Amino acid sequence: SELFATAHETGPVKGESDICADGYRLDDHRAMDLHNNEVGISLVTEDDTKETTPDEVLAQRVLNKLLGVKELGLVWLHQ
């Protein structure tokens, strides 16, 4: 899952220091995405399988993480 989630984030990006329309640099966006990917990946354990962990359980984990944004470590550029 990590390779899939980060494949488009890890290569060199032309103009990483360029400012985007939202006022943040491209490398700020990439750093946020990589960090949040790690947080999302951490929501799934080795014991979770398609057979043992319904989508609803995973969705609830994500919702719980989002509801506790400041306490649980997600990074948001736009607040």
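The values are calculated or read from the model by the stated rules, or taken from the named source; none is laboratory data. If you're wondering where the values come from, they're calculated on a predicted model, not measured in any experiment. Don't worry about glycine lacking a Cβ; one is built from the backbone with ideal geometry, like all the others, and counts go over all protein chains shown. Side chains included, ligands, DNA and RNA excluded: accessible areas come from the protein's heavy atoms. Shrake-Rupley method; radii C 1.70, N 1.55, O 1.52, S 1.80 Å.
Cβ-Cβ distance below 9 Å, separation of 6 or more or different chains: which pairs start in the range 57-69 with a residue that is under 20 Å from Asp47 (Cβ atoms) and of a type in the set (Lys, Arg) and end on one that is open to solvent by less than 70 Å² (accessible area, probe 1.4 Å) and assigned to a helix (DSSP H, G or I)?
Close Cβ pairs (under 9 Å, with a partner that is open to solvent by less than 70 Å² (accessible area, probe 1.4 Å) and assigned to a helix (DSSP H, G or I)) amount to Lys65/Val39; Lys65/Gly40.
Please go through the range 36-57 and pick out each residue that is assigned to a loop (DSSP other than H, G, I, E, B), among the acidic types (Asp, Glu) and under 18 Å from Glu2 (Cα atoms).
Residues satisfying the conditions are Glu46, Asp47, Asp48.
Tally the residues that are modelled with pLDDT under 70 and surrounded by 10 or more Cβ atoms within 10 Å (Cβ to Cβ), restricting the search to the range 52-74.
4
Please enumerate the residues belonging to the range 24-53 that are without any contact (Cβ under 8 Å) to a residue 40 or more places away in the chain and of a type in the set (Asp, Glu).
Within the range 24-53, Asp27, Asp33, Glu38, Glu46, Asp47, Asp48, Glu51 qualify.
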